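All remarks here apply to the structure that follows.
Quick note: the coordinates plus some simple rules give every number you see, no bench work behind them. Quick caveat, the model's predicted, so the values are computed rather than measured. Quick reminder, even Gly has a Cβ in these numbers, built from the backbone with ideal geometry, and neighbours come from all protein chains shown.
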Amino acid sequence: MTSTYLTTTIPYVNARPHLGFALELVQADVLARYHRSTGERVRFQAGTDDNSLKNVLAAEAAGVGVQEFVDGNAAAFTGLAGPLNLSVDDVIRTSSDRRHRAGVERLWRACAASGDLYRRHYEGLYCVGCEQFYTVDELADGRCPEHGTVPELVSEENWFFRLSRYAGQLRDLIAGGTIRVEPAERRNEVLALIDGGLEDFSVSRGVQRARGWGIPVPGDPGQVIYVWFDGLGNYLTALDYGGDKGNLRRWWTGASRRIHLLGKGVIRFHAVYWPAILLSAGEAVPTDIVVHGYLTADGRKISKSGSATVDPYDLVSKYGTDAVRWWLLREVPCGGDADFTADRLVGRANDELANGIGNLVNRVVTMIHRYRDGRIPNAAACLPDAAPKLNAAIKNAPGLIAGALEDFDFRRATEAVWQIADEANRCVNRARPWDLAKAGDRAELDAVLCTLLLACQAIGTHLAPFLPDAAAGIARQCAADEAGLLPDPAPLLPRIAQPVPAPAGG
C-alpha cells in the first residue's frame, strides 16, 4: 500500500499563531484527507519549535519563565486542530517530547561519524528573528530582508556542518527531480543558491548566548545545538528516530512520499540544509518540498508579532471554519502571496458557499420533495443529454482535482468543485423544473432532478478534503433512507454578515 508522510513546519512559539501558519496547516490537511480517500496510508505530522532564542527573549520580555511561556503559546498552536478541523495524526514539541532530544542527539552523532562536524571561531551578523547568520551582501540596506531589523554582530567558537561537501549531490537531486521543489520558481531559487556556492554553517551556539535554553551538544556541554539543526530534526524525531525504528521504517525510509510544506522564507533550511544533513546521516531525503507564499494585510506580511497580524481563532469564531478554510484554499495562488481582508473572506463565502453551493443543495432537495414527494428519481432518468455541460463538469472533476493536488495547486483543485456547483445552478435556470412540473413533463423533470441531485452528491464527495464539515452536511442532505426518500431540506452554509468597520478616530 502506498504511504505518504506529510509535515508542516514547526513554528517558533514567541507569540500566538497567525493566519499565515493556518494556511500551511489547512493545505497539509487537504492533502492528508485527499490521499487517505484514495486508499493511501497517511501520517500528517505537526508540532512546535520551542528551543529558540527568539522564544527565550520573548519570555524575558513578558517576565515569564521560558518553559511556562513556550507551553502557553505552544498550546495555542496545537489547539488550532479544533477550529480549523485538522486531521493531524501526531504533534511533537521540541522542548518537552521525550522523542525529540534522543533523536536530535542521534542525528548529531551520525553527522559527526561522517566527519561533517568541526569546531572553529566565527564572527558574523546574526538575526535572532530568523535564527540565521547573514553576509553583508544578503542584507537590505543593512537590515534583515525578512524582518527589517539590524542583525547583531556575534563572535564566538561554534560547531560547524560541512555543507560545502554536499553541493554537487544537492544540485543533482533537485535538478533531477529526486527532491521535487514546487513551484518551479522556488526550485530555480534553490538551484541558484547552490550555484552561488555553499558555505559551511554554524550548528551550535554558546550556552551563555542561548541563555542555557536548548539541547546540549553531545560531549560538549558548553554549547547547545543550533535551533535549525534541532528543529529540522523533528521530521525524524517525531518518528522516534532516537528509539524504536518501526515508525521510521514505515513513514520515512519506506514511505512512498515524504512531503514537507513550508513558507518561502525558510526554503534555504528545508531544501539545502536539511537534505545535506540527511545525506550526512545516511538517511533518505524528502521527495517533495512544497513552498507557499505569504499572506499580507494592507500589503504588509502577516506575522505573529509584527504590525500586521490576523488571529485564526478570532476569524473562525466570527465567520466559521468553512469560510476560513474556503478563503485560504480559493484565494491564495499556488506558491504566491495573497492579501487578506475580512470583506474578501465574507464575500467569497457568501457568493460561493452560501449562494452557490448551500442554496443549490437546498433548492434541489426542496424540488424533489415538492415534485416527487421526496423520492429520488430512478437513476435511469439521468440521461447524459439532460444537462451535457453539467454532466461534463461532474465527470471531469476527479481528474482535475487529482491533477491540481499533484501540482499542489489548491485554488485549481477547488475550482473543479466549484464548476459543478456553478454549472448546476445554470442548469436550474435553463431547465426551469417548475415549468416542467406545471407542463406535466414528468420524464424531463425526472431527468433534470436526477442530474441535479447527482451534481449535489458529487459536490459533497469532492468537497470532503477541502471542507469536511460542509461536505458531511451535503452528503447527509442528499442521501436517501431505506425507502428511497431524502431527508427534509435543512439550511446549509448560511450567509455571513459583513464585518462592521471600526469607528473612525479609534
task = Quick one: which residues, 5 or more positions from His292 or on another chain, have an amide H under 5 Å from its amide H? H modelled 1.01 Å from N in the peptide plane, none for Pro or chain starts.
result = Leu262, Gly263, Lys264
ask   = Taking the alpha-carbon centroid of each part, what is the distance from segment 3-66 to segment 423-477 in angstrom?
value = 38 Å
task = Would you mind classifying segment 141-294 by shape? Square roots of the alpha carbon gyration tensor eigenvalues, ordered a ≥ b ≥ c; an a/c under 1.5 is rounded, otherwise it is prolate if a/b is larger than b/c and oblate if not.
result = oblate
note = Here, Asp172 and Asp220, labelled 7 Å along Cα→Cβ, have an inter-label distance in nm of 3.0 nm
note = Farthest towards the positive end of the dipole of the chain, among Ala167, Gly63, Asn247 and with Cβ unit charges of +1 on Lys and Arg and -1 on Asp and Glu, lies the Cα of Asn247
message = Projecting each Cα onto the charge dipole of the chain (Lys/Arg +1, Asp/Glu -1 at the beta carbon, about the Cα centre), which of Met367, His121, Thr341 comes out farthest on the positive side?
response = Met367
Per residue convex hull volume, Cα atoms of segment 60-207, in Å³ = 195 Å³
query = Counting each DSSP H run of 4 or more residues in the chain as -39500 (n - 2.57), what helix-only mean residue ellipticity at 222 nm follows after dividing by all residues, to the nearest 500 deg cm²/dmol?
reply = -13500 deg cm²/dmol
inquiry  = Please compute, for the alpha-carbon atoms of segment 237-318, the extent along each of the three principal axes and give them in descending order in Å.
reply    = 45, 29, 22
inquiry  = Just to be sure I understand the curve: with the Debye formula and one point per C-alpha of segment 414-502, what is log10 I(q)/I(0) at q = 0.13, 0.14, 0.16, 0.22 Å⁻¹?
reply    = -0.54, -0.62, -0.78, -1.19
remark   = Calc'd 3J(HN,Hα), segment 98-114, phi into Karplus 6.51 cos²θ - 1.76 cosθ + 1.60 (θ = phi - 60°), Hz, glycine/Pro = x, comes to 4, 5, 6, 4, 4, x, 5, 4, 5, 4, 4, 5, 5, 5, 5, 5, 7
query = Roughly speaking, what is the stretch gain from Ala439 to Asn188, that is 0.36 nm per residue apart minus the C-alpha to C-alpha distance, in nm to one decimal?
reply = 84.1 nm
remark   = Stokes-Einstein, Kirkwood over Cα pairs, segment 343-477, 4 °C, 1.567 mPa s; D in µm²/s equals 85 µm²/s
ask   = Residue by residue, what Karplus-based ³J(HN,Hα) values in Hz, rounded to whole numbers, does segment 35-47 have, using 6.51, -1.76 and 1.60 with θ = phi - 60° and x for Gly and Pro?
value = 5, 4, 5, 8, x, 6, 7, 9, 10, 9, 10, 9, x
message = Is there a quick way to get the dipole size of segment 3-319? I mean about its Cα centre, with the Cβ of Lys and Arg at +1 and of Asp and Glu at -1; what is the value in debye to the nearest 20?
response = 820 debye
ask   = What's the exposure ranking of Trp251, Trp434, going from fewest to most Cβ atoms within 10 Å?
value = Trp434, Trp251
ask   = For Met367, Met1, what's the fewest-to-most ordering of other Cβ within 10 Å of each Cβ?
value = Met1, Met367
key: In nm, spacing of pseudo-spin labels at Leu139 and Leu485 (7 Å Cα→C-beta vector)   = 7.6 nm
message = Taking 8 Å as the Cα distance limit and 6 or more residues as the minimum spacing, I'd like the relative contact order of segment 264-385 as a percentage.
response = 20 percent
key: For segment 285-290, Karplus couplings with θ = phi - 60° (6.51, -1.76, 1.60), whole Hz, Gly/Pro x   = 9, x, 8, 9, 10, 10
message = In whole Å, what are the extents of segment 1-115 along the principal axes defined by its C-alpha atoms, from largest to smallest?
response = 49, 43, 21
remark   = Among beta bridges assigned by DSSP with both residues in the chain, the antiparallel ones amount in percent, to the nearest 5, to 50 percent
note = Rounded to the nearest whole number, the per residue volume of the convex hull around the C-alpha atoms of the chain in Å³ is 169 Å³
key: For Asp90, distant residues with modelled amide H under 5 Å away   = Phe44, Ala46
message = If I model a spin label as a point 7 Å beyond the Cα along the Cα-Cβ vector, how far apart are those points for Arg120 and Ala62 in nm?
response = 3.9 nm
